[in-house]
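A.B. asks: This is the structure I have questions about; it appears just below.
The values are calculated or read from the model by the stated rules, or taken from the named source; none is laboratory data. These numbers come from a predicted model, not from an experiment. Positions of Cβ are generated from backbone atoms using ideal geometry, with glycine treated the same way; all protein chains shown enter the neighbour counts.
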Amino acid sequence: MVVCSANDAAVALAEFVAGSESAFVDQMNAKALELGMKNTHFDNTNGLDDTTETHLTSSRDIALMSRELIVKHPSVLNYTTIWQDTIRGGAFTLTNTNKLVRFYNGANGLKTGFTSKSGYCISATAKRDGLQLIAVIMGAESSDKRNLTAKRLFDYGFANYSYMELSYQENIPFRVIGGVKAVSFGKTSPLAKVLPKEQKGTLTYEIKLAESVQAPVCEGDVIGKIIYKSKDSAIGEADITAGETIQKMTFFGLLKKVLSNYLMLE
């Protein structure tokens, strides 16, 4: 289905999952609404539109659907990157209708389409250096123009944007009131962002942390946040969490500490 656009495979899959193609189409439309695909309505599983006027979608909606698929089900890329394979014991060869997976560096999917009404379409995906892009082309005059337009969008994206994991490597000290330890350390998790390459050298951060935290403190408790900025404009933030558990000091623990300090003074 994803390698060579087998429409019969789409129907077979629908019947296996939902019992019938019509029941599966209902599920497709429900999922489209859930994803915010406001300009989409499915009439069938394969996109053929010779006999329908209400099987509709948009490039934005296809992008939303594509993102949901590769983020929630990344194993699909194991199939969309197949260039050639055989079935029926080698008697029949499948060749991917998406030529980009063979001829464009980083291409890893996703799906082509064509009808006389819609023209040549593709939801193309490509990944380099952690940056995953989606390019949706609809209504192209030929498969070559479709692929060329997708390549140009990818070239622009990879030339101008980078995937970055922003992180603060040092431990962040904070005071603990009423705990068995007076000082502990917080930590942050990396923040994944897609940013214009021109912002690489402009990144700064601001740490916002309470002056003190009341014990008990559990490892992973949020105690503040770190705000990442570019040219004084916030581009994202991450929680600062306690790096260890600090128990509340008991009466006898406090008494022991006071006596210990007293004896040291003596």
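A.B. asks: List pairs: first in the range 121-146 and on the phi > 0 side of the Ramachandran plot, second at pLDDT 95 or above and among the aliphatic types (A, V, I, L, M), Cβ under 6 Å, 6+ apart or cross-chain?
C.D. replies: So the pair list comes out empty.
A.B. asks: Check off (1) modelled with pLDDT of 90 or more; (2) surrounded by fewer than 14 Cβ atoms within 10 Å (Cβ to Cβ); (3) outside any loop (DSSP other than H, G, I, E, B); (4) within 25 Å of the chain's Cα centre (by Cα) for GLY236 and give me the number that stays unchecked.
C.D. replies: All conditions pass for GLY236, except number (2).
A.B. asks: OK, next. Scan the range 152-172 and report the pairs whose first residue is over 23 Å from LEU133 (Cβ atoms) and whose second residue is among the hydroxyl-bearing types (Ser, Thr, Tyr), with Cβ atoms within less than 6 Å and a gap of 6+ or a chain change.
C.D. replies: Listed pairs, sorted by first residue: TYR168/THR188.
A.B. asks: Related question: Looking only at the range 32-43, filter to residues that are surrounded by fewer than 19 Cβ atoms within 10 Å (Cβ to Cβ) and outside any helix (DSSP H, G or I); which one of those is nearest to the chain's Cα centre (by Cα)?
C.D. replies: So, considering only residues that are surrounded by fewer than 19 Cβ atoms within 10 Å (Cβ to Cβ) and outside any helix (DSSP H, G or I), the one nearest to the chain's Cα centre (by Cα) is LEU35.
A.B. asks: Given the residues ASN46, ASN29, which is the only one that is over 17 Å from the mean Cα position of the chain (by Cα) and part of a helix (DSSP H, G or I)?
C.D. replies: On the way: ASN46 fails: part of a helix (DSSP H, G or I).
None of the other options fit; the residue is ASN29.
A.B. asks: Among the residues in the range 145-153, are any part of a strand (DSSP E or B) and surrounded by 16 or more Cβ atoms within 10 Å (Cβ to Cβ)? Spell out the reasoning first.
C.D. replies: So the first thing to find is which residues in the range 145-153 are part of a strand (DSSP E or B), and the list is none.
Scanning the range 145-153, I find no residue that is part of a strand (DSSP E or B) and surrounded by 16 or more Cβ atoms within 10 Å (Cβ to Cβ), so the answer is no.
A.B. asks: For residues in the range 161-200 being in contact with a helix residue (DSSP H, G or I) (Cβ under 9 Å, 6 or more places away or on another chain) and small (Gly, Ala, Ser), which is nearest to GLU211 (Cα to Cα)?
C.D. replies: Among them, the one singled out is GLY178.
A.B. asks: If a residue has to be buried (at least 20 other Cβ atoms within 10 Å of the Cβ) and of a type in the set (Ser, Thr, Tyr) to count, how many in the range 98-141 make the cut?
C.D. replies: 4
A.B. asks: Here's another thing I want to ask about it. Which of the numbered conditions does GLU170 fail, given that it passes all the others? Conditions: (1) modelled with pLDDT of 90 or more; (2) of a type in the set (Asp, Glu); (3) over 26 Å from ALA107 (Cα atoms).
C.D. replies: Failed condition: (1).
A.B. asks: Among the candidates GLY224, GLY201, GLY220, which residue alone is part of a strand (DSSP E or B), among the small types (Gly, Ala, Ser) and either touching an Asp or Glu at 6+ places or on another chain (Cβ under 6 Å) or assigned by TED's automatic domain parsing to the domain that holds GLN247 (or both)? Working first, answer last.
C.D. replies: Values: GLY201 fails: part of a strand (DSSP E or B); GLY220 fails: part of a strand (DSSP E or B).
Result: GLY224 is the single residue among GLY224, GLY201, GLY220 that is part of a strand (DSSP E or B), among the small types (Gly, Ala, Ser) and either touching an Asp or Glu at 6+ places or on another chain (Cβ under 6 Å) or assigned by TED's automatic domain parsing to the domain that holds GLN247 (or both).
A.B. asks: If you don't mind, there's one more thing I want to ask. Out of the range 49-81, which residues are touching a Gly at 6+ places or on another chain (Cβ under 9 Å), assigned to a loop (DSSP other than H, G, I, E, B) and farther than 16 Å from ALA32 by Cα?
C.D. replies: THR81
A.B. asks: Moving to a separate point now. Looking at (1) small (Gly, Ala, Ser); (2) surrounded by 12 or more Cβ atoms within 10 Å (Cβ to Cβ); (3) under 30 Å from GLY47 (Cβ atoms), which is the only condition GLY186 fails?
C.D. replies: Here GLY186 meets the rest and fails (3).
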